[in-house]
Every structure is written in structure tokens, then in C-alpha cells.
Amino acid sequence: MNNNIIRELKESDYSSVKEIYEQGIATKNATFETSAPDWEEWDKKYLSNCRFVAEENGSVVGWAALSAVSGRCVYAGVCEVSVYVHKDFNGKGIGRKLLSSLIEASEKNNIWTLQAGIFPENKASIKLHLYLGFREVGRRERIGQMDGIWRDTVLLEKRSNIVGV
């Protein structure tokens, strides 16, 4: 990746973020979602202090963010990761840089567990997460339907390096 930076996501980035999210939705191997939300809905879902974009030559080419897994206070430090890269930039290390930034930000914000539910067909994403210290903790069989077909997800998690956790 040349001439690139990882920086905090701004509201003005959302049209590019939405386009990249829609590309992921179209693969049918990135999410169960069928459409990307508007900014207000997206903004409510993701933690404001753990959102990043990858920018190359002035264009947003990827994004990553954390969302809470539960509203219960006991799970306040447990978040789900979302990482999406523009289809023209896959395989260039952008996902690794984005996920690394999320991991670092999560630890600064007292998040002790990151989790990811990934379709088993998304081998590149599973490989990336394992490379950055996630471990496979299970498989959720027939967890949801897509186009009338039951799909599994591989559940991965990463425990924090925060002292005392």
C-alpha cells in the first residue's frame, strides 16, 4: 500500500464507507446484512472512539469499527469487529493495518475482548484475524439464513493485553 494512512473515520467519509460496505454485502460472504444503513443508523451502531478508515492518495479504500455486543454493563468491554476493504484493494495489507488499529484503540479504551463472526467461506478474513492474535473459539452452525440457505459462522476472539485482564 503506497501513499496511505490510517486515520479516524469522519462523517464526511460515510459515502465511501457505505460504498465499501455495499461491496461486502454483495459478496454474500461478509455479512448477513442486505443493505447498508444511512449515516445516523451506522453512527449509533459503532463506538465513536474506535472507527478508522484507510486512505490512499486521498481516497477511502477501507474502514474498520467496533460495535458493542450487548447493552448489559457486564459486557461493556466486549466488542465485535467490522473490517471492510474496497474490492480493488484486497490483498494489499489494508485489512491488517485497519484491524491492528482497532486492536490498539480497543486496548486504550478498556475493551478486553474482541470477537468476530466470519463466514467459513471468507478464508482471507479468518486468516487475517488468526494472524493478528485471534483464536477460533467455535462454529455457530445454521446461525442465520441468507437467500433461504442456512449459513454457519466461525467465531473468533482476541483477549486484551490490558494488565489485569
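The values are calculated or read from the model by the stated rules, or taken from the named source; none is laboratory data. This is a predicted model, so every value here is computed, not measured. As a convention, Cβ positions derive from the backbone with ideal geometry for all residues, glycine included, and neighbour counts pool all protein chains shown. Calculation scope for accessible area: heavy atoms of the full protein, side chains included, ligands and nucleic acids excluded. Shrake-Rupley method; radii C 1.70, N 1.55, O 1.52, S 1.80 Å.
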Worksheet entry | Criterion (more than 14 Å from residue 31 (Cβ to Cβ), among the hydroxyl-bearing types (Ser, Thr, Tyr) and in contact with a Ser or Thr (Cβ under 9 Å, 6 or more places away or on another chain)) met by exactly one of 100, 67, 106 | 106
Discussion item. Among the small types (Gly, Ala, Ser), without any contact (Cβ under 8 Å) to a residue 40 or more places away in the chain and assigned to a strand (DSSP E or B): is that true of residue 133 in this structure?
Written reply: no
Discussion item. Among (1) out of contact with any Lys or Arg (no Cβ under 9 Å at 6 or more places or on another chain); (2) in a strand (DSSP E or B); (3) open to solvent by less than 50 Å² (accessible area, probe 1.4 Å), there is one condition residue 126 misses while meeting the rest; what is its number?
Written reply: (2)
Worksheet, complete the sentence: Of 61, 85, 81, 69, the only residue that is at pLDDT 95 or above, open to solvent by less than 80 Å² (accessible area, probe 1.4 Å) and more than 30 Å from residue 3 (Cβ to Cβ) is 69
Practice prompt. Show the residue pairs that are 6+ apart or on different chains and have beta-carbon atoms under 8 Å apart, the first residue being within the range 1-29 and surrounded by 14 or more Cβ atoms within 10 Å (Cβ to Cβ), the second being among the charged types (D, E, K, R) and in a helix (DSSP H, G or I).
Written response: 1/97; 4/97; 6/97; 23/87
